[in-house]
Amino acid sequence: MVLFFVPVVNLVFFVVLCLVPARGPARPEAAAPSAPTSRGDRAPASAIAGVVLTGLLGVALVAFATEGLGSYGWGVFVGVPFCLGLLSVLVYAGREPRRLRDCISVGLLANAVATVGLLAVALEGAVCIVMAFPLAAPLGALGALTGYHLRRPGGGLPAPPAVCGVLLMLPAMMGMEASTAPPPAVRPVTTAIVVDAPPAAVWKRVIAFPPLDPPREALFRAGIAYPVAASIDGSGVGAVRRCVFSTGAFVEPITAWDAPRRLAFSVAQQPASMEELSPWGEVRPPHLDGFLRSHRGEFRLEPLPGGRTRLTGTTWYENRMWPARYWRVWSDEIMHAIHRRVLEHVARTAEADESG
């Protein structure tokens with residue numbers, strides 16, 4: 001039973017249990033099972049019931065984890081889509097076996113209804129949902145496949161015990177995960193470009209730069225926070241740099257000032273990581289506050305032949321959303337996109353200073 005509380009392992013364990021035929025005394029009086037069908041009179045009603053009921057359950061489970069427990073972990077991004085696919089098929093095929101392709105469709109539709117529900121009640125915005133889709137869709141299909149094998153002739157557990165087991169397992173797993181989650185790793189992301197200007201000219205634009213043009217990158221236009229301008233109060237260690245983003249300002253006390261080679265800073269304050277897209281206008285799901293957090297950063301300027309400079313930007317950050325390896329793909333790309341926007345702007349302004 002302890003395997004139910006181990007992320008990913010619990011789902012594999014549950015699938016294995018479902019696929020093992022149930023043992024018990026033979027019942028000669030039982031009629032031979034009929035072949036799977038999707039054309040029974042109750043099929044449409046069962047499909048609608050499975051999709052709608054489990055879709056609403058998905059909204060409730062996500063609200064319990066994110067609003068109640070403050071957790072965006074395995075339970076939300078792995079457990080919920082898998083269990084929605086599973087439960088919707090158990091309801092859909094509760095009276096008679098169904099075809100595999102119809103079960104997969106019902107499982108995916110249940111996840112789609114849950115997604116629309118999250119948008120409808122302003123629990124989430126479109127940006128995070130789009131990011132989660134490549135993870136959730138295959139898991140929803142896997143849950144539906146498990147449900148299909150449960151309800152096929154000679155399958156595993158009967159539907160009511162399986163439903164009760166899932167309904168008890170997932171919230172318990174979420175609660176345990178929220179109370180025992182390890183601290184996220186702080187990881188660096190580094191981006192570098194070559195500037196056609198000497199380090200002294202680049203340095204002036206690193207510590208402060210004029211406003212940037214509106215972004216053209218799809219990532220930023222979708223709502224991810226992007227840099228707008230930067231200014232600095234004072235000089236040397238102890239000065240305070242303010243990098244203004246579309247959602248507010250980063251406050252960055254300077255911790256290393258080695259002109260014109262290295263500028264390092266900590267992050268004392270930061271704004272929201274994005275503006276979520278929602279039919280209700282501004283929404284603030286919990287993941288906007290502190291789930292993607294920058295700890296410190298630095299710029300390094302390396303002189304190159306011909307009066308050029310290799311300009312490197314590094315940010316050390318943490319992401320509290322799990323599975324970490326999946327969300328790291330998104331957060332690393334966001335950091336690189338922010339770096340590129342700043343570094344390319346610094347390069348253009350420094351080169352313009354030199355040519356002017």
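Okay, here's what the table says:
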{"quantity": "Backbone HN-Hα couplings from phi across segment 54-67 [Karplus 6.51/-1.76/1.60, Hz, Gly and Pro as x]", "calculated": "6, x, 5, 4, x, 4, 5, 5, 5, 4, 4, 6, 7, 7"}
{"quantity": "Given charges at beta-carbon only (K, R positive; D, E negative), |dipole| of segment 187-355 in Debye", "calculated": "360 debye"}
{"quantity": "Extension gain (nm, one decimal) between residue 348 and residue 255, 0.36 nm per residue minus Cα-Cα", "calculated": "30.9 nm"}
{"quantity": "Value of Rg/Rh across segment 75-216 [Cα atoms, Kirkwood radius]", "calculated": "1.25"}
{"quantity": "Cα-Cα pairs of segment 262-311 separated by more than 17 Å (percent)", "calculated": "59 percent"}
{"quantity": "Segment 221-290 versus segment 103-136: alpha-carbon centroid distance in Å", "calculated": "30 Å"}
{"quantity": "Amide H partners (placed H, <5 Å) of residue 224, local residues excluded", "calculated": "275"}
{"quantity": "Relative contact order (%) - criterion: Cα under 8 Å, at least six apart; region: segment 215-319", "calculated": "18 percent"}
{"quantity": "Whether segment 187-355 is rounded, prolate or oblate, judged on the alpha carbon gyration tensor where a/c under 1.5 counts as rounded", "calculated": "prolate"}
{"quantity": "Dimensions (Å) - segment 221-279, Cα atoms, principal axes, largest first", "calculated": "47, 19, 14"}
{"quantity": "Per-residue Cβ neighbour rank within 10 angstrom, fewest leading, 104, 224", "calculated": "104, 224"}
{"quantity": "For segment 194-236, average projected area of the Cα convex hull in nm²", "calculated": "4.4 nm²"}
{"quantity": "Fewest-first ranking of 252, 333, 318, using other Cβ atoms within 10 Å as the exposure measure", "calculated": "333, 318, 252"}
{"quantity": "Spin-label pair residue 277/residue 336, simplified geometry with 7 Å Cα→Cβ offset, distance in nm", "calculated": "2.2 nm"}
{"quantity": "Sorted by Cβ neighbour density within 10 Å, fewest at the top, the residues 83, 243, 103", "calculated": "243, 83, 103"}
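Read-outs throughout are calculated quantities, based only on the coordinates presented, and are distinct from any laboratory measurement. Source: prediction; values computed, not measured. Quick reminder, even Gly has a Cβ in these numbers, built from the backbone with ideal geometry, and neighbours come from all protein chains shown.
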